[in-house]
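Working notes for the structure below.
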């Protein structure tokens, strides 16, 4: 029998109060009986542990002397009280039991989720890939740090976004990223936080991890070369879409021929709504030269002029074919006659193709008509 | 095998046995059980068992006040407790013998 006088150790009173609170549904005399003498017993327990800790440095208890908590020896007061109650043959708390606290509920949700996940990952097909992913966890720790820094950089409105965020300069950016990676890895290893595994910390960490997962893709798409928005390519595509195509190939110039098959020069083309036909690639190609209406460039007059390397003035392109077969009007043969010979009168509607402009005379010369200024140097403003 | 489950079944018996030798307070009894080889026994389980045995009349209790520290609550065995101890000891020995026998005969083929 140990008869030495025993001082109540710090923390014991609090622990017993928590145990008693957990037993609050019991009649007071039963509760008193259960916890009577507990103060002395627990104090002795703590003293004994403190002694063994100081005697043996390799003791598993990491707390410094004097800070050994009762809970670290006998478990948390709630479990302790439940064990006490069960061993005493008393009914467990049921309806009396207050709703579990937010912390308890959070812990239970997190534990349940973890158990479910682990049992799912224990399935034969998933266990090997999951083990691989677990081994790759350090990569995730580094990656989530990068996502976090990139996201903050993005929120701060810094542009352009590079692989290493340039927060107040490339050097500071690299430094911030390095610090973030270290912090993230230490958290992943449970070194700095949340070592205590309290429900609040666990929930916050879970939320942060989910946030990093969700932000990973949007953040990555902001980085050029990671499938990010590519301005030049987008503009290129829209330019092509705005222009004229023929069988999927851009139309850069048009070579008009009359119904008789003779090459035409200076043919102005408009679409069904009267809009000038725009061969977008013609206005692009820096060798093409537009016709002029006063000092306004007209890109819908064909063929366009061309200025070859070394030429001081633009010329009109030589048609690919000197002559094409003559064609007939879609109007009735009786009016038209079987011969393609007669020149279509002005009263005739435009035929298919480019033989329409009745007033445009077949050009003998590749030079533009004298009353037009013809292709000129392309203005820089285009 | 989960020995904590086995322990539950013999906690009454072992606590009675420990107290029958000498009166003791809660933690003292825990310590004696552990020294006796039941290292996994939980503090609260023992305290709860003491309370239950006391309520059943198998144990008596008395408080030993202390001048400076908190008082201690001692437990001693009652005549009824000794009867129970004897009865449960017989039961346990019979049970243990039966199980050992069963394991010896049935388990031989394994």
Here the gain from full extension of residue A:311 to residue A:112, 0.36 nm per residue of separation minus their alpha-carbon distance, amounts to 63.6 nm
Note to self, chain B gives a 222 nm [θ] from helices alone (DSSP H runs n ≥ 4, -39500 (n - 2.57) apiece, / all residues, nearest 500) of -21500 deg cm²/dmol
Expressed as a whole number, the average count of other chain Cβ atoms within 10 Å around the Cβ atoms of B:47-60 is 4
Full extension between residue A:105 and residue A:207 adds, at 0.36 nm per residue less the Cα distance, a length in nm of 35.1 nm
Mean per-residue count of partner chain Cβ within 10 Å for B:61-74 equals 5
Longest principal axis of chain B (C-alpha) makes with the long axis of helix B:79-106 (C-alpha) an angle, in degrees to the nearest 10, of 20
Residue A:143 and residue A:131 label points (each 7 Å along its Cα→Cβ direction) are spaced in nm at 2.1
Here the relative contact order (percent) of chain B, from C-alpha pairs under 8 Å and at least 6 apart, is 26
In nm, the gap between the two label points placed 7 Å beyond Cα toward Cβ at residue B:34 and residue B:105 is 4.1
Ordering A:127-136, B:25-34, A:312-321 by per-residue average of other C-beta atoms within 10 angstrom, highest first, gives B:25-34, A:312-321, A:127-136
Given A:80-92, B:79-91, A:9-21, the highest-first ranking by average Cβ count within 10 Å works out to A:80-92, A:9-21, B:79-91
With R₀ set to 41 angstrom, the calculated FRET efficiency between the beta-carbons of residue A:214 and residue A:246, to the nearest 0.05, is 0.35
Taking a ≥ b ≥ c as the square roots of the eigenvalues of the Cα gyration tensor, with a/c under 1.5 meaning rounded and otherwise prolate when a/b exceeds b/c and oblate if not, chain B is prolate
Relative to chain B, whose Cα atoms define the longest principal axis, helix B:3-21 and its Cα axis are tilted in degrees, nearest 10, by 50
Simple SL model, points at 7 angstrom along Cα→Cβ for residue B:4 and residue B:86; separation in nm is 3.6
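All of the numbers you see were taken from the coordinates with simple rules; none came from a lab. Values in this document were obtained by computation on a predicted structure and should not be read as measured data. Positions of Cβ are generated from backbone atoms using ideal geometry, with glycine treated the same way; all protein chains shown enter the neighbour counts.
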